[in-house]
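Colleague: Here it is: the structure, laid out below.
The values are calculated or read from the model by the stated rules, or taken from the named source; none is laboratory data. What you see is a predicted model; the values in this text were computed from it and never measured. Positions of Cβ are generated from backbone atoms using ideal geometry, with glycine treated the same way; all protein chains shown enter the neighbour counts.
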Ligand SMILES: C[S@@+](CC[C@H](N)C(=O)[O-])C[C@H]1O[C@@H](n2cnc3c(N)ncnc32)[C@H](O)[C@@H]1O
Ligand code: SF4
């Protein structure tokens, strides 16, 4: 998530380990206007997924009809290298279902770009873990939404908790920086402490969590998923204690704000990052529906300029304020629309 958190969007604020702290300081301390290119790319390489998670912010499942081809994807990577963008994260859908995932990873790493892969872990056997180790990835982030199979599999429909655990074990055995992401919902929030302990005992490098984003399928299932204030209070209390307990042993990161607080912050300080969806369109930020470019038609550097202007677009500012006032509008986030058609 990417709490990908970072989620993709949050990543620029809190979820970066080690050398990422340097990057984080850059992202937080500087205006995005200062940059001729983004510092970070979050790429949802495909929409196909073997699971149907109740909370999936991408509503992943089936491929989109117009996803980028392998040559378009590699051309995008070439532009990333040309612009000297230092860091990218590849997510999905499930990125290991993308037939050219390793071609992309190899190109990115040959060009010395730091790379993180976000996966549900179900396709990571010994061979895949070894390939990731050879690629010297910055990290592989595995989703683990429970300390028990029951909690994980209730949320991750069709998911197999044991496979996710085995994926972590293979990755750790091959020396890959393994990060665990846990998305809290009513089904699993009480398992947070045990999940952190489990991550440590498996040899994970980091553990990431934060409030679930009310977008995609999570928005549709909000009433059954959203933890109460009281549950969140206990959750953050446990996190605080575990962060202290694991200091110097394993990184425990949590982002205490929800997606609305994130949007308020981003209106003032957009991040120096781009979010690319499987068909090559570029979103302004995950929780908003706006598209500010299309890699099939425009260069990455042109899209970066569009992105910077889009944050000033009155229609974008107005809609974002509406979302802040009425979080139900977050449900629009996957009904993409061009920023230009708003002006
Ligand atoms: C969309 S998934 C794609 C990668 C892969 N399929 C997986 O599940 O890890 C990327 C990350 O976003 C997290 N995520 C999904 N829906 C979320 C939501 N509504 N709020 C916060 N994080 C979410 C997932 O748990 C996962 O860690
Ligand atoms: S969260 Fe990941 S594994 Fe779950 S449905 Fe979405 S893309 Fe698939």
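Colleague: How many of the residues in the range 171-223 are farther than 17 Å from residue 236 by Cβ and touching a strand residue (DSSP E or B) at 6+ places or on another chain (Cβ under 9 Å)?
Modeller: 15
Colleague: Quick one: count up the residues across the range 59-81 that are crowded, with 20+ Cβ neighbours inside 10 Å and either modelled with pLDDT under 95 or in a loop (DSSP other than H, G, I, E, B) (or both).
Modeller: 2
Colleague: Look at residue 101 and say whether it is more than 16 Å from residue 300 (Cα to Cα) and within 19 Å of the chain's Cα centre (by Cα).
Modeller: yes
Colleague: So residue 115 clears everything in (1) surrounded by fewer than 19 Cβ atoms within 10 Å (Cβ to Cβ); (2) more than 16 Å from ligand 2 (Cβ to nearest atom); (3) modelled with pLDDT of 95 or more except one condition, right? Which one?
Modeller: Answer for residue 115: the failing condition is (1).
Colleague: Name the single residue that is farthest from residue 191 (Cα to Cα) among those in the range 154-180 being away from ligand 1 (no atom under 13 Å from the Cβ) and out of contact with any helix residue (DSSP H, G or I) (no Cβ under 9 Å at 6 or more places or on another chain).
Modeller: In this case the residue turns out to be 166.
Colleague: Follow-up. Taking residue 279, is it under 25 Å from residue 78 (Cβ atoms) and either outside any helix (DSSP H, G or I) or without any contact (Cβ under 8 Å) to a residue 12 or more places away in the chain (or both)?
Modeller: Details: under 25 Å from residue 78 (Cβ atoms): yes; either outside any helix (DSSP H, G or I) or without any contact (Cβ under 8 Å) to a residue 12 or more places away in the chain (or both): yes.
Against the criterion (under 25 Å from residue 78 (Cβ atoms) and either outside any helix (DSSP H, G or I) or without any contact (Cβ under 8 Å) to a residue 12 or more places away in the chain (or both)), residue 279 qualifies.
Colleague: Look through the range 241-262, keep the residues that are in a helix (DSSP H, G or I) and crowded, with 21+ Cβ neighbours inside 10 Å, and return whichever of them is modelled with the lowest pLDDT.
Modeller: 262
Colleague: On to the next question. Do the conditions hold for residue 126, that is, is it modelled with pLDDT of 95 or more, within 19 Å of residue 202 (Cα to Cα) and more than 17 Å from the chain's Cα centre (by Cα)?
Modeller: Spelling it out, residue 126 is indeed modelled with pLDDT of 95 or more, within 19 Å of residue 202 (Cα to Cα) and more than 17 Å from the chain's Cα centre (by Cα).
Okay, residues lined up against (1) surrounded by 15 or more Cβ atoms within 10 Å (Cβ to Cβ); (2) assigned to a strand (DSSP E or B); (3) in contact (Cβ under 8 Å) with a residue 40 or more places away in the chain:
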site: 287; (1), (2), (3): yes, no, yes
site: 292; (1), (2), (3): yes, yes, yes
site: 303; (1), (2), (3): yes, no, no
site: 308; (1), (2), (3): yes, no, yes
site: 316; (1), (2), (3): yes, no, no
site: 319; (1), (2), (3): yes, no, no
site: 323; (1), (2), (3): yes, no, yes
site: 329; (1), (2), (3): yes, no, no
site: 333; (1), (2), (3): yes, no, yes
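Colleague: Okay, next question. Would you tally the residues in the range 35-58 being more than 14 Å from the chain's Cα centre (by Cα), surrounded by 22 or more Cβ atoms within 10 Å (Cβ to Cβ) and more than 10 Å from ligand 1 (Cβ to nearest atom)?
Modeller: Total meeting the criteria: 1.
Colleague: I'd like the full set of residues that are in contact with a helix residue (DSSP H, G or I) (Cβ under 6 Å, 6 or more places away or on another chain) and more than 27 Å from residue 333 (Cβ to Cβ), limited to the range 204-245.
Modeller: Of everything in the range 204-245, those that are in contact with a helix residue (DSSP H, G or I) (Cβ under 6 Å, 6 or more places away or on another chain) and more than 27 Å from residue 333 (Cβ to Cβ) turn out to be 238, 242.
Colleague: Could I ask something else about it? If I filter the range 166-175 for residues that are crowded, with 23+ Cβ neighbours inside 10 Å, within 16 Å of ligand 2 (Cβ to nearest atom) and under 22 Å from residue 89 (Cα atoms), do I get at least one hit?
Modeller: Yes, because at least one residue in the range 166-175 is crowded, with 23+ Cβ neighbours inside 10 Å, within 16 Å of ligand 2 (Cβ to nearest atom) and under 22 Å from residue 89 (Cα atoms).
Colleague: Are any residues in the range 215-240 in a loop (DSSP other than H, G, I, E, B), at negative phi and within 16 Å of ligand 1 (Cβ to nearest atom), and if so, which ones? So that I can check it myself, show each step before the final result.
Modeller: Within the range 215-240, the first condition is being in a loop (DSSP other than H, G, I, E, B), and the residues that meet it are 215-216, 221, 226-228.
Filter once more, keeping what is at negative phi: 215, 221, 226-228.
Within the range 215-240, 215, 221, 226, 227 meet the criteria.
Colleague: To continue, here is another question. For the range 82-104, give me each residue that is out of contact with any helix residue (DSSP H, G or I) (no Cβ under 8 Å at 6 or more places or on another chain) and either within 14 Å of ligand 2 (Cβ to nearest atom) or outside any loop (DSSP other than H, G, I, E, B) (or both).
Modeller: Residues of the range 82-104 out of contact with any helix residue (DSSP H, G or I) (no Cβ under 8 Å at 6 or more places or on another chain): 82, 84-85, 92-94, 97.
Residues satisfying the conditions are 82, 92, 93, 94, 97.
Here's the yes/no breakdown for (1) within 29 Å of residue 59 (Cβ to Cβ); (2) in a helix (DSSP H, G or I); (3) more than 14 Å from ligand 2 (Cβ to nearest atom):
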{"site": "133", "(1), (2), (3)": "no, yes, yes"}
{"site": "146", "(1), (2), (3)": "yes, no, no"}
{"site": "181", "(1), (2), (3)": "yes, no, no"}
{"site": "186", "(1), (2), (3)": "yes, no, yes"}
{"site": "192", "(1), (2), (3)": "yes, yes, yes"}
{"site": "195", "(1), (2), (3)": "yes, yes, yes"}
{"site": "199", "(1), (2), (3)": "yes, yes, yes"}
